[in-house]
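Shown next, in structure tokens, is the structure this report addresses.
The values are calculated or read from the model by the stated rules, or taken from the named source; none is laboratory data. Every value quoted in this text rests on a predicted model; they were computed, and no experiment measured them. For neighbour counting, all protein chains shown are included, and Cβ atoms are generated from backbone atoms with ideal geometry for every residue, glycine included. These area figures cover heavy atoms from the full protein model, side chains too; ligands, DNA and RNA do not enter into them. Shrake-Rupley method; radii C 1.70, N 1.55, O 1.52, S 1.80 Å.
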Amino acid sequence: DTAFTVGADLLVFPVATKGASNVEVPLPVHGCGGAPCEWFSVSSGARLRGGFWHSEPVGLGSMPRYQRGGSILPRRERVRRSALLAVWDPISLHAALDAAGHAAGRLYLDDGVTARLPAALHEHQQSGGL
């Protein structure tokens, strides 16, 4: 099994088979506060139930990724060669609602240069219905 998580809300399933055009991905059922987990394909947006295997088409340069239902993930959409170049790029917030129609997330922003924590930490957390 080569799957791994980035934080608690992003599941990545690297394709390890040369020439693969389709992979079978097992999505976890546990870890969603007692309710069965729902997952969303990052590439297609399809809603998928945890506890089952799901077939995902893949191609050269693609990697199946899934966002846990009930989460909000920040993403920078532009590909950059340097993090310093991305400082002023917009941040998109991708909400994946849970079965109750709620999502929560956390975003931390720093200047991308200094190593110490600033006195005024730029952090925002929000939960509740969207």
Cleavage-rule hits, trypsin sites (Lys or Arg not before Pro), the range 39-117, DSSP coil, Cβ neighbours within 10 Å at most 13: 76, 78, 80, 81, 116
Ranking by accessible area, most exposed first, for 113, 79, 12 with a 1.4 Å probe: 79, 113, 12
Share of Cα-Cα pairs in the range 30-98 lying beyond 17 Å, as whole percent: 54 percent
Qualifying chymotrypsin sites (Phe, Trp or Tyr not before Pro) in the range 41-73, DSSP loop, other Cβ atoms within 10 Å at most 15: 52
5 angstrom amide H check on residue 38, placed H, neighbours 5+ away: 50, 69
Sequence of 13, 4 from largest to smallest accessible area, 1.4 Å probe: 4, 13
Restricting the range 1-106 to GluC sites (Glu not before Pro) in coil, as DSSP defines it, with at most 16 other Cβ within 10 Å: 77
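Where Lys and Arg each count +1 and Asp and Glu each count -1, what net charge lies around residue 70 among other residues with Cβ under 15 Å from its Cβ?
Its environment carries a net charge of +1.
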Net charge dipole size for the range 1-112 [Lys, Arg +1 and Asp, Glu -1 on Cβ; Debye, nearest 20]: 220 debye
